[in-house]
Amino acid sequence: MTRGGHGHGHGHGHGLARVAVVVRAGAAPLWWLGACAAGIGVLAPGLTGRRIGVLAGAALFVLATAAVAHGGRKRYVTLAASASRAGKHDVLQDRAVTVRNWRRHHRWWLLLAFLAALGTTFALPAAGGMLLAGCGAGLWLKAAWLGRRERADEALLWVRVDWLRGGAGRPAGKPVKGYRDTGIAAGDAAPGGARRKSAALV
């Protein structure tokens, strides 16, 4: 595989990131920041009292999980259906690099979301944190759904790295014109974007 050049002709490869890894990248930080904010929220009774806060939070958690898990699925299906095979010049990005890039681009957004969740504690204890945690859970479910598709199609889905920059790391955002696909064994992430288990465990 060549080192990624700047040209966009057919002779030049592109850096490719796994779609499911990009989706999963936000799951853990959102989940943990949300859990943390909710934990702090439960300690502060707030204006409405703990019970209402937790009940509202539970409702928001369920809604956020469902909305994030199902949001944009049609677009993913369309992009996956028209995926073209990755070329020999394309460079497959390591899972860790994809995750690190996403988190670096989103660190301020995550911090603001955490502070906002803490801020809501005074009105509705735990609710903001549970909303954030629900977004994280939804991303995990979406990645798992992508993984099921990848296994069924026996092809892993990749997205050009240069298309992720402007779209704030959304692998089905407007700048994304199409996906590439590879065989199921390519790269260092399993279907759905988790780390590959060593051969001994399979």
request  = For Asp162, indicate whether it is over 23 Å from His89 (Cβ atoms) and acidic (Asp, Glu).
outcome  = no
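Suppose the filter is of a type in the set (Asp, Glu) and either open to solvent by 40 Å² or more (accessible area, probe 1.4 Å) or modelled with pLDDT of 95 or more (or both); does Asp90 pass it?
no
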query = Filter the stretch 115-132 for residues that are open to solvent by less than 10 Å² (accessible area, probe 1.4 Å) and aliphatic (A, V, I, L, M); which is farthest from Cys36 (Cα to Cα)?
reply = Ala127
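Kindly check whether there is at least one residue in the stretch 88-105 that is aliphatic (A, V, I, L, M), under 30 Å from Gly183 (Cα atoms) and in contact with a strand residue (DSSP E or B) (Cβ under 6 Å, 6 or more places away or on another chain).
If we filter the stretch 88-105 for residues that are aliphatic (A, V, I, L, M), which is where we start, we get 91-92, 96-97, 99.
With under 30 Å from Gly183 (Cα atoms) added as a condition, the list becomes 91-92, 96-97, 99.
Of the ones still in play, those that are also in contact with a strand residue (DSSP E or B) (Cβ under 6 Å, 6 or more places away or on another chain) are 91-92.
Yes, there is a match, as at least one residue in the stretch 88-105 is aliphatic (A, V, I, L, M), under 30 Å from Gly183 (Cα atoms) and in contact with a strand residue (DSSP E or B) (Cβ under 6 Å, 6 or more places away or on another chain).
Can you go through Val77, Val97 and tell me which one is closer than 17 Å to Gly15 by Cβ, among the β-branched types (Val, Ile, Thr) and open to solvent by less than 90 Å² (accessible area, probe 1.4 Å)?
On the way: Val77 fails: closer than 17 Å to Gly15 by Cβ.
Only one candidate qualifies: Val97.
Yes/no per residue for (1) closer than 20 Å to Asp153 by Cα; (2) among the polar types (S, T, N, Q):
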{"site": "Gly72", "(1), (2)": "yes, no"}
{"site": "Ala81", "(1), (2)": "yes, no"}
{"site": "Lys88", "(1), (2)": "no, no"}
{"site": "Gln93", "(1), (2)": "no, yes"}
{"site": "Arg100", "(1), (2)": "no, no"}
{"site": "Trp108", "(1), (2)": "no, no"}
Test result for Gly119, modelled with pLDDT under 90 and either among the acidic types (Asp, Glu) or in a helix (DSSP H, G or I) (or both) = yes
inquiry  = Tally up the residues in the stretch 27-66 that are touching a Pro at 6+ places or on another chain (Cβ under 6 Å) and open to solvent by 60 Å² or more (accessible area, probe 1.4 Å), please.
reply    = 1
inquiry  = Quick test of your reading of the structure: Ala137 fulfils all but one of (1) in a helix (DSSP H, G or I); (2) modelled with pLDDT under 95; (3) in contact with a helix residue (DSSP H, G or I) (Cβ under 7 Å, 6 or more places away or on another chain); (4) not acidic (Asp, Glu). Name the failing condition by number.
reply    = (2)
query = Taking Leu157, is it part of a helix (DSSP H, G or I) and crowded, with 18+ Cβ neighbours inside 10 Å?
reply = no
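Limited to the stretch 16-26, what total is found for residues that are part of a helix (DSSP H, G or I) and open to solvent by less than 10 Å² (accessible area, probe 1.4 Å)? Break it down into steps so the answer makes sense when it comes.
Of all residues in the stretch 16-26, those part of a helix (DSSP H, G or I) come to 19-25.
Now restrict to residues that are open to solvent by less than 10 Å² (accessible area, probe 1.4 Å): 19-23, 25.
Number satisfying all stated conditions: 6.
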query = So which pairs qualify, if the first residue must be in the stretch 98-109 and in a helix (DSSP H, G or I), the second must be crowded, with 18+ Cβ neighbours inside 10 Å and of a type outside the set (A, V, I, L, M), the Cβ gap must be under 7 Å, and the two must be at least 6 apart or on different chains?
reply = Thr98/Arg18; Trp102/Gly26; Trp102/Gly169; Arg103/Pro29; His105/Gly169; His106/Gly26; His106/Gly169
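The values are calculated or read from the model by the stated rules, or taken from the named source; none is laboratory data. Only a predicted model underlies this, so the values are computations on that prediction, with no experimental measurement involved. As a convention, Cβ positions derive from the backbone with ideal geometry for all residues, glycine included, and neighbour counts pool all protein chains shown. Surface areas here come from the heavy atoms of the whole protein model, side chains and all, with no ligands, DNA or RNA. Shrake-Rupley method; radii C 1.70, N 1.55, O 1.52, S 1.80 Å.
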